[in-house]
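Just so you know, all these numbers are worked out from the coordinates, no wet-lab data involved. Keep in mind it's a predicted model, so treat the numbers as computed, not measured. Reconstructed Cβ throughout: ideal geometry from the backbone, glycine too, with neighbour counts over all protein chains shown.
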Amino acid sequence: MYFNYASGIFVKTCIVFSIEEKKALVTNFWSGFNLYCSRQRFLRGKKKNWLLHRTKVNNVHLKFDPGRTSVQVILEIQHKSESKRLEIYERIERYKNLLELGFDDELIWDFAFQRETGKEVCRIYTELKNVDINKQSQWEEMYEFMAQKMYVLESNFLEIRDLIRD
C-alpha cells in the first residue's frame with residue numbers, strides 16, 4: 001500500500017507476475033519443499049518420495065494443493081462415473097476413524113467437491129488457511145504443514161489401502 005499524493009488516497013498495490021516469473025516461483029517452491037523434506041528426521045533424512053498418484057487404488061490420489069489463500073493436503077477420488085466415485089468414497093468413509101488418526105482436527109470430507117475446472121471429485125483433506133504460495137516468507141510454514149500432514153495421511157491410507165480396493 002502506498003499514498004498517492006496527487007489524489008490524496010492510499011492505493012493498494014497488487015503483485016503481478018509474468019508467466020516466466022510465476023513458473024520460476026512455483027519451481028522454486030517445489031525445490032524448496034524437496035529440500036525441506038530431505039532435512040526432516042521423521043522423513044528419515046532423505047528426499048521423500050510421496051505416494052501421490054501411485055496409491056495402487058484406481059482413481060484415488062494423494063495431492064498437495066498450495067494456493068493463494070491456503071494449502072491443502074488431499075486424498076482425492078477422481079472416477080468419471082459419479083456412482084463409482086461415491087462407492088469408493090463410501091468404502092473409505094467406513095474407515096474414517098483410522099484415516100483421521102494423528103490429525104489434531106478432523107479431516108474435511110467433501111463428496112461433491114468442484115474443482116476450478118468444473119470437474120467434480122470427492123475430496124478428503126486438511127487445510128492451512130491464510131497462506132499464499134506467492135509469499136516466500138510463508139513457504140516454511142507451508143512446507144511444515146504439507147510434510148507433516150501428508151506423512152500422517154499417507155501412513156493412514158496405507159493402513160486401509162487393501163481394505164478399500166475393488
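For region 80-166, GluC sites (Glu not before Pro) are listed when DSSP marks them as loop and at most 16 other Cβ atoms sit within 10 Å of their Cβ; the list is E106, E116. Using a Gaussian network model on the chain with a 10 Å cutoff between Cα atoms, which of G102, G32, G118 fluctuates the most? Sorting by GNM fluctuation, first place goes to G118. Taking the square roots of 5 times each eigenvalue of the Cα gyration tensor of the chain, largest first, gives ellipsoid semi-axes of 34, 20, 14 Å. Placing a label point 7 Å from the Cα of V16 along the Cα-to-Cβ direction, the residues of region 128-146 whose backbone N falls under 19 Å of that point are 134-135. Each Cα pair of region 96-166 feeds into the Kirkwood radius, which the Stokes-Einstein equation turns, at 20 °C and 1.002 mPa s, into a diffusion coefficient of 153 µm²/s. With respect to the chain, whose longest principal axis is taken over its alpha-carbon atoms, helix 19-38 is tilted by about 50°. Pairs over the 30 Å Cα-Cα cut-off, from the set K48/K96; K23/K129; K23/K96; K80/K149; K96/K119; K22/K84: K23/K96; K22/K84.
Computed over region 44-110, the Cα gyration tensor eigenvalues convert (square root of 5λ each) into semi-axes of 21, 16, 14 Å, ordered from largest to smallest.
Compared with the dominant Cα axis of the chain, that is its longest principal axis, helix 139-164 is turned about 10°.
With R₀ fixed at 22 Å, the C-beta to C-beta distance from T27 to E141 puts the FRET efficiency at about 0.65.
Paramagnetic label reach from F42 (point 7 Å along Cα→Cβ; backbone nitrogen cut-off under 15 Å): within region 66-105, residues 73, 100-105.
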